[in-house]
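Have a look at the structure below, then the notes.
Since every read-out is calculated from the coordinates, none of them should be taken as a lab result. Everything numeric in this text was worked out from a predicted model, so none of it was measured.
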Amino acid sequence: MVEGLHGKPDSGVGPARGVLSLARLTTLTVALLWGPAADATNADAVSMNVDVAVVFAVDFSSSIAPSIADLQREGHAAALTSPEIIRAISQNYLGCIGVAYFEWSSPGRSRTVLPWTRICGLEDAEAAAAVIRKRGDTGHIRRGRGGTSVSTAIDVGSLLLDEFPGNAMKKVIDISSNGENNDGLPVQPSRETAIAKGYTINAIAIPADDEATGRPLASYFARSVIGGSQAFVISPKGPRDYATALRRKLVTEVSLNIGAPATETSAMSTVIAE
């Protein structure tokens with residue numbers, strides 16, 4: 001059974017800043033992120049202790065067509081339940097990870113799909129994947145979603161990690177996007193703040209079919225977005241490779257015993273932060 005923190009997520013979330021108590025979420029943050037208020041007791045905090053806490057920050061801006069939305073939604077669900085991920089989780093110290101999944105676009109436009117959930121095996125992973133498949137973006141309604149604010153993705157992801165209701169040896173913001181920051185605040189201050197807290201920012205860059213050879217999206221993310229301990233960006237060579245790239249990326253993120261991300265293969269390229 002999946003251990004979610006607070007029932008069903010709210011339908012709309014605006015980014016907020018600040019570090020609040022791990023033992024008890026403030027009324028404001030609960031209202032913004034999770035819906036009805038609920039207490040987090042000490043027992044809840046202990047039960048959420050994990051090896052790694054990962055926030056999936058998934059682009060659902062107006063540039064995300066149904067085909068890309070399907071790649072992201074199904075790719076994350078499939079990755080969580082893959083044998084490689086389950087094996088990687090089981091080989092860690094506690095044998096559990098914490099996962100949250102939200103969608104973002106412009107400032108003030110983000111939506112929690114999966115609140116903090118503890119995954120300790122295949123049954124937990126399958127339940128979490130079912131939520132992502134059911135509530136994740138389909139890309140069919142794109143009007144009014146706004147632009148691509150990568151700074152918002154980092155800010156909201158950082159807030160969720162601030163509020164993680166337990167202990168984690170590693171905390172990761174995992175961004176999936178098909179574009180550069182073109183809305184909201186600059187990326188650099190958000191990036192530096194998250195890194196200063198000890199968080200790692202990784203990314204999967206979804207290249208456009210007509211991507212310019214001299215300006216790959218992965219290079220932008222490597223230069224301007226990712227950061228922290230062993231940070232990297234991975235880019236699938238094409239839509240069919242997205243699930244493979246995401247699965248390999250997640251294996252690296254949830255494994256405490258792996259020192260570096262997957263090297264380049266015919267299906268994807270990887271760039272490690274300097």
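Phi-derived couplings, Karplus 6.51 cos²θ - 1.76 cosθ + 1.60 at θ = phi - 60°, listed residue by residue for the range 127-136: 5, 5, 4, 5, 5, 4, 5, 6, 9, x Hz, with x used for Gly and Pro.
Across the range 64-80, computed HN-Hα scalar couplings (Karplus, 6.51 cos²θ - 1.76 cosθ + 1.60, θ = phi - 60°) run 8, 6, x, 5, 6, 4, 5, 4, 5, 5, 6, x, 5, 4, 5, 5, 4 Hz from first to last residue, x flagging Gly and Pro.
Taking a straight Cα-Cα cut-off under 28 Å and skipping sequence neighbours fewer than 8 places away in the same chain, the lysines within cross-link reach of LYS237 are LYS134, LYS171, LYS249.
For TYR101, the residues 5 or more places off, or on other chains, whose built amide H falls under 5 Å of its own are PHE56, VAL113, LEU114.
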